[in-house]
Amino acid sequence: MGAQIGIDLDKAAELLSQGKLVAIPTETVYGLAANGLDASAVAGIFTAKNRPTFDPLILHVGSIAQAKSLCSQWPSAAEKLANAFWPGPLTLVLPKAEHVPDLVTSDNPTVALRMPNNPMGLSLIRSLSFPLAAPSANPFGYVSPTCAQHVADQLGDRIDYILDGGNCAIGIESTIVAVTDDNQVTVLRLGGLDLASISNTLGYPVTESLSMHSNPQAPGQLDQHYSPNSAMVHIHDLQIEAIFEDVQTHPYHSRGFLWFSKQQAQQFLDHLNDGNRASWSLLPARHYYLSDDHSDRQAAMNLFGTLRQFDKDGCMRIYFSWAPDDGLGRAINDRLKRASSKVVH
Ligand code: TXA
Ligand code: MG
């Protein structure tokens with residue numbers, strides 16, 4: 001029988017105190033939580049997710065004081081960012097305190113810390129005497145969950161309880177930055193907080209250290225990640241002929257189109273008509289739009305649920321185009337890039 005979905009905070013707290021696994025709501029994505037100071041509870045997370053132990057976990061805290069107790073340095077830039085954006089979609093990577101288990105940090109000398117902003121998730125964390133280690137609550141490499149049912153669909157039989165805090169308000173994982181003692185701030189993962197907000201708060205620019213390759217500074221930044229089962233094929237204006245050929249060879253029911261917005265789909269259609277290409281009607285398939293008003297926030301919120309929907313539909317091939325590359329669009333494009341980096345045949 002799968003884990004129960006419910007809203008019982010006491011039960012969630014009790015299970016976590018016993019070293020068990022509970023999925024928790026955050027404003028970014030659902031997390032698969034365990035007592036972050038209990039190495040054997042943390043080991044359960046890696047097993048349930050099938051996650052390699054070289055990929056470290058974020059510790060979720062309920063206060064700045066708790067965050068400070070988990071690291072050995074708290075530079076003024078960390079203080080500034082935590083005051084400005086916590087609770088919220090920002091993770092700070094800092095030198096770790098000795099008592100943080102090495103399994104949490106994958107033997108790194110640093111620890112990742114975040115205070116999430118879902119009311120239910122946050123009150124759970126504040127009721128506990130320990131931080132919660134929590135990666136996204138999906139099998140390793142698959143799309144992150146943005147509602148309780150997504151967690152139940154895939155990890156229901158491997159965990160003890162799913163705390164239901166509704167749909168995730170941001171829908172894409174936190175932005176991760178490393179902060180050094182000279183107050184340099186380096187972005188390790190794009191996410192739910194845009195970079196302009198961070199540098200505006202600091203009063204100086206952030207450095208970007210983003211990589212599509214495996215095991216750079218953010219070890220979890222594997223180039224293939226967040227992938228639905230469907231193959232994802234990027235639609236590029238210059239490849240329209242190729243896309244048409246591809247579409248003909250894949251059956252109607254197995255294909256779908258993922259657009260940032262209706263407006264973007266319309267531009268594509270106009271382009272086809274301009275060039276006297278075959279008409280849109282040659283592409284009957286399911287079409288999903290991440291946003292109905294061309295908004296990056298709405299698109300981020302819908303991204304992972306929509307990718308899952310293609311899989312539910314039995315779709316084998318998703319044609320997609322990029323989001324406008326600013327604000328949260330950058331994080332959306334990062335996830336699309338990783339989701340589509342699987343070899344497509
Ligand atoms: O929004 C989020 O961040 C969600 C929610 C549940 O809080 N969590 C999440 O966790 O996305 P996860 O494990 O799926 O991704 C965490 C990323 C991984 O890529 C990991 O490598 C990186 O954080 N990370 C963790 N500790 C780190 C460290 N000490 N140095 C560099 N990167 C670290
Ligand atoms: Mg993840």
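The values are calculated or read from the model by the stated rules, or taken from the named source; none is laboratory data. Since this is a predicted model, take the numbers as computed values, not measurements. Glycine also receives a Cβ, built like all others from the backbone with ideal geometry; neighbour counts cover every protein chain displayed. Protein only, heavy atoms only, side chains kept; ligands, DNA and RNA dropped before computing areas. Shrake-Rupley method; radii C 1.70, N 1.55, O 1.52, S 1.80 Å.
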>> Counting only protein heavy atoms and a 1.4 Å probe, tell me what percentage of the stretch 1-53's accessible area is made up of carbon and sulfur.
In response: 52 percent
>> Compute the helix-to-body angle for 240-249: its Cα long axis versus the longest principal axis of the chain, expressed 0 to 90° and rounded to tens.
In response: 90 degrees
> Hey, what angle do you get for helix 296-312 against the long axis of the chain, alpha-carbon based, 0 to 90 degrees rounded to 10?
Replying inline: 70 degrees
> Quick one: accessible area per residue over the chain, 1.4 Å probe, rounded to a whole number of Å²?
Replying inline: 41 Å²
> For the peptides 248-257, 27-36, what is the packing order when you average, over each peptide's residues, the other Cβ atoms within 10 Å and list the highest mean first?
Replying inline: 27-36, 248-257
> Going highest first, how would you order 7-17, 91-101 by mean Cβ packing within 10 Å?
Replying inline: 91-101, 7-17
>> If each DSSP helix of 4+ residues adds -39,500 (n - 2.57) and the sum is divided by the residues in the chain, what number results at 222 nm, nearest 500 deg cm²/dmol?
In response: -9500 deg cm²/dmol
>> I'd like the accessible area for Thr186: 1.4 Å probe, protein heavy atoms, all chains in place, Å² to the nearest 10.
In response: 30 Å²
> Count of lysine pairs in the stretch 1-157 with Cα atoms under 19 Å apart, counting only pairs 8 or more residues apart in sequence or on different chains?
Replying inline: 5
>> Using Cα springs under 10 Å in a Gaussian network model of the chain, which residue among Arg330, Arg308, Arg286 shows the largest mean-square fluctuation?
In response: Arg286
> Once a ≥ b ≥ c are taken as the square roots of the eigenvalues of the Cα gyration tensor of the stretch 1-141, is the result rounded (a/c under 1.5), prolate (a/b larger than b/c) or oblate (a/b not larger than b/c)?
Replying inline: oblate
> Under a GNM of the chain (C-alpha, springs under 10 Å), which listed residue has the highest mean-square fluctuation: Glu245, Glu208, Glu173?
Replying inline: Glu245
> Helix 329-339: angle to the longest alpha-carbon principal axis of the chain, degrees 0 to 90, nearest 10?
Replying inline: 80 degrees
>> Which of rounded, prolate or oblate describes the stretch 112-205 when judged by the alpha-carbon gyration tensor and an a/c cut-off of 1.5?
In response: prolate
>> Along each principal axis of its Cα atoms, how long is the chain end to end? Whole angstroms, biggest number first, please.
In response: 65, 52, 32
> Tell me, how many Å apart are the Cα centres for the stretch 115-193 and for the stretch 1-44?
Replying inline: 11 Å
> If you rank Asp181, Asp270 by how much accessible surface each has, with a 1.4 Å probe, what is the order from largest down?
Replying inline: Asp181, Asp270
